[in-house]
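Engineer: Below is one structure. I have some questions about it.
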Amino acid sequence: MIMFGFQSGVYYSLATWLAPKVQDMGYSDAYAATTVTIFSVMQMVCSFIIPILINNSSKRKPWMLLCASSSFIGIFMLIMGGISPIFCATLTGIGAGGLFPSTMILPLDATTTPKEASEWTAMIQFGGYIISGIIPMLVGIIKDMTNTFDVALFTLLIIIIVIMGLTLKVKTKKESATIRVLPSR
C-alpha cells in the first residue's frame, strides 16, 4: 500500500507542480505546458512498454529499481538546473510509467487465490490513493513554507529512496517459491 501510494504520489506531484517549477526556472508558459505534456506522454507510453519488457524478463525488481532511478535522476537534475526540463520530464515519465504497473502486480505475488488478489488489490488501491492524494498537497505546503520548489522536490527524492528500499524488500512469486523449496537446516 505504501509503495503504491508513494509512486502514485510522486506522479501526481509532478503532474501538479512540474509546470510551475519550469515557469519558476524562467521558461515560458508554453514551454512549461510542453514539458508536462512530454512527461504525461512518456508515462502513458512506458506504462504499456515496460510491463511487456518485464514479462519477458526473469526478474521484476531490477526493472522497478531502474524506473525509480529514472524518476530520481530526472527530479534531481530538475532541482540542479542547467539541464533541459524536457529531458528531466522524459526521465521522470519513464520512471512513472514503469512503477505504476509494477506496483499494481505486487498483490499477485503476495496472494495465492484470485479472491485474495482482489482483496489485496482493493486494500492497496484504497490506502494507496489516500496516500498519493496527500503527497502533492505536502509538496505545495513545503513550497509555500520555503518559497522554493527545490526543497519540495527534494521531498520527492526521499520518497523515491523509500520506494527503492521497499522494492528490495518485496518478494516475487519466483523468490517465494525458491525460498519454500530450500531445505531447512
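Engineer: Filtering the range 90-107 down to residues that are under 14 Å from F72 (Cβ atoms) and among the aliphatic types (A, V, I, L, M), which residue is surrounded by the most Cβ atoms within 10 Å (Cβ to Cβ)?
Structural biologist: Out of the qualifying residues, it is L99.
Engineer: Which residues, taken from the range 111-125, are without any contact (Cβ under 8 Å) to a residue 60 or more places away in the chain and not basic (K, R)?
Structural biologist: Listed by number, the residues that qualify are T111, T112, T113, P114, E116, A117, S118, E119, W120, T121, A122.
Engineer: I want to confirm something. Restricting to the range 57-82 and keeping residues that are within 13 Å of L153 (Cβ to Cβ) and crowded, with 21+ Cβ neighbours inside 10 Å, which single residue is nearest to the chain's Cα centre (by Cα)?
Structural biologist: S71
Engineer: Counting only residues that are touching a residue at least 24 places away in the same chain (Cβ under 8 Å) and assigned to a helix (DSSP H, G or I), how many does the range 6-31 have?
Structural biologist: Within the range 6-31, residues that are touching a residue at least 24 places away in the same chain (Cβ under 8 Å) and assigned to a helix (DSSP H, G or I) number 18.
Quick note: the coordinates plus some simple rules give every number you see, no bench work behind them. Computed from a predicted model, the values in this text were never measured in an experiment. All Cβ positions, even for glycine, are placed from backbone atoms using ideal geometry, and neighbour counts span all protein chains on display.
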